[in-house]
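Chemist: Pasting a structure here, questions to come.
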Amino acid sequence: DSTYYIVGNVAVKKGDTLAVQQGATIIAKGNYQFQVSGTLMCLGTEAKQITFTSNSATKLSGIAQNTGQWGGFVFDSTAVYVYVKYTHINFTGGPDSSGSPQATFDVEGSQTYNGGAHIVVEDCWFFGGIDDGIHLGGDITVSIKRNVIQHLGGPDGESMNIKVGVKGDIAYNYIWSAANNGIKLETGKILVPQTQMNIFNNTIVDGGWRKVGEATNSILIDKWTKANIFNNIMVGNHTGLNITKLADTLNCKYGNNLIFAIADTMAQWNYPAGAYSKKQPTDITGSTLTLCNSVFTNWVQPTTTLPDMTVTDGNVPSLKSGSPAIGKGLAIAPFAYWTTSSDGKLGTPDILNVDIGAYPTDGTGNKHVPTSQPLQ
């Protein structure tokens, strides 16, 4: 319940633990960063959430100008446990020594393969980072669930960029206005360890319009990755589901996804030409504003011209009565979940829902309907 000011980089050394307790507010007074080689625990609760933010008076207006405020979190290959719950992480992307924006939440386990570090990021909020949001690499196991991820990336940057052997579940997340890809998976040039993820019941809205000169995707599965992709909503994005021919296509399963483009001229991008992924019999696809408006309580058409100065999210992604996403989900998984323990230490064991998307009508899944702008 106290406020703390960060006036320099914070190092959590190997073997040490930094615990951030419920109700704390942490304000960066410059371009500083948390550098974690040990354990990080952000122990927020629904009633007493944690907030990491900047003290800059221009932090909100700076997002549209691709100006980052502070350095976020970076975890090296000796970090063994990261547990972040009910935590807001806003206005990151301050430049590194080369001038490039830094990711919001960057786990670089790929350096030496630490053999099974566990990363839990659940019930959190990310807003306004200038580069990748959740960037994960290495032989780590993750549970990324029920997060609200809004306007990450500037002219580039994925909301989630996951590679080089990560394994885990990505479920019930809401992603709005990704600059590049909403969720990107790849293994890389070295095929072992293989990136293997379950991606289910996520809602991805209005993404991919701020990137110039490169194709974007709601979900991109690339370079020897194994993935199970079911029950996701993708509405108003530049491109839908792209499983490339470089993926481990024999071990990719997908279906029961809803993909609506904003116009008939964009229908070809629901499943891009040349990709391995094709429309499945259980998928729901279309390409008109009317269809896009039929899914949620409120949907706001994306800005498709640059520069995009929009930093206010007017979407209400709960499912409206009669939504085509209701009752169309796959309920029995044709895959094994990575998170199964009931004690919560390695994440919560969420499963598929009969409704598609992050906000099923039975009240399970993501319980945090996004606010238009973050806590300041």
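The values are calculated or read from the model by the stated rules, or taken from the named source; none is laboratory data. If you're wondering where the values come from, they're calculated on a predicted model, not measured in any experiment. Please note: Cβ atoms are built from the backbone with ideal geometry, for glycine as well, and neighbour counts cover all protein chains shown. What goes into the accessible areas is simple: the full protein's heavy atoms, side chains included, and nothing from ligands, DNA or RNA. Shrake-Rupley method; radii C 1.70, N 1.55, O 1.52, S 1.80 Å.
Chemist: On a straight-distance basis, which aspartates and glutamates could pair with Lys14 in a cross-link, Cα separation under 19 angstrom, same-chain partners fewer than 8 positions away excluded?
Modeler: In chain and number order, the partners are Asp76, Asp106, Glu108, Asp139.
Chemist: Continuing with the same structure: In percent, what relative contact order does region 236-376 have, based on Cα pairs under 8 Å that are 6 or more apart in sequence?
Modeler: Details: 215 pairs, mean separation 28.0, N = 141.
Relative contact order comes out at 20 percent.
Chemist: Accessible area per residue of the chain at 1.4 Å probe, in Å²? If you can, show how the numbers build up before the last one.
Modeler: Values: 14030 Å² over 376 residues.
Ligands and nucleic acids excluded, the figure is 37 Å² per residue.
Chemist: Take every DSSP beta bridge with both residues inside region 179-328 and express the antiparallel ones as a percent of the total, to the nearest 5.
Modeler: Percentage antiparallel, nearest 5: 10.
Chemist: For the chain, what is the relative contact order in percent, using Cα pairs closer than 8 Å and at least 6 residues apart in sequence? Working shown, then result.
Modeler: Values: 1209 pairs, mean separation 40.9, N = 376.
Worked out over the chain, it gives 11 percent.
Chemist: Quick check on the chain: helices-only [θ] at 222 nm, where DSSP H runs of length 4 and up contribute -39,500 (n - 2.57) each and the sum goes over total residues. Nearest 500, please. Could you put the intermediate results ahead of the total?
Modeler: Working: 2 runs with 10 residues, N = 376.
One gets -500 deg cm²/dmol as the mean residue ellipticity at 222 nm.
Chemist: Next question, about the same structure. Given the chain, what percent of its DSSP beta bridges are antiparallel, to the nearest 5?
Modeler: Numbers: 3 of 101 bridges.
Close to 5 percent.
Chemist: Go ahead and set up a Gaussian network model of the chain, Cα springs under 10 Å, then flag whichever of Gln33, Gln196, Gln65 fluctuates most.
Modeler: Gln65
Chemist: Sorted from largest to smallest, which semi-axis lengths in Å does the alpha carbon gyration tensor of region 141-210 give for its equivalent ellipsoid, taking the root of 5 times each eigenvalue? The partial results should precede the final answer.
Modeler: Working: eigenvalues 92, 47, 12 Å².
Over the Cα atoms of region 141-210, the ellipsoid semi-axes are 21, 15, 8 Å.
Chemist: For the ranges 172-180, 257-265, 272-280, 359-367, what's the packing order if you count other beta-carbon atoms within 10 Å of each residue, average per peptide, and put the highest first?
Modeler: On the way: 172-180: 27.9, 257-265: 20.6, 272-280: 14.7, 359-367: 17.6.
The densest-packed peptide leads the list: 172-180, 257-265, 359-367, 272-280.
Chemist: Could you look at region 228-281 and say what percent of its accessible area is carbon and sulfur, using a 1.4 Å probe and all protein chains?
Modeler: That share works out to 56 percent.
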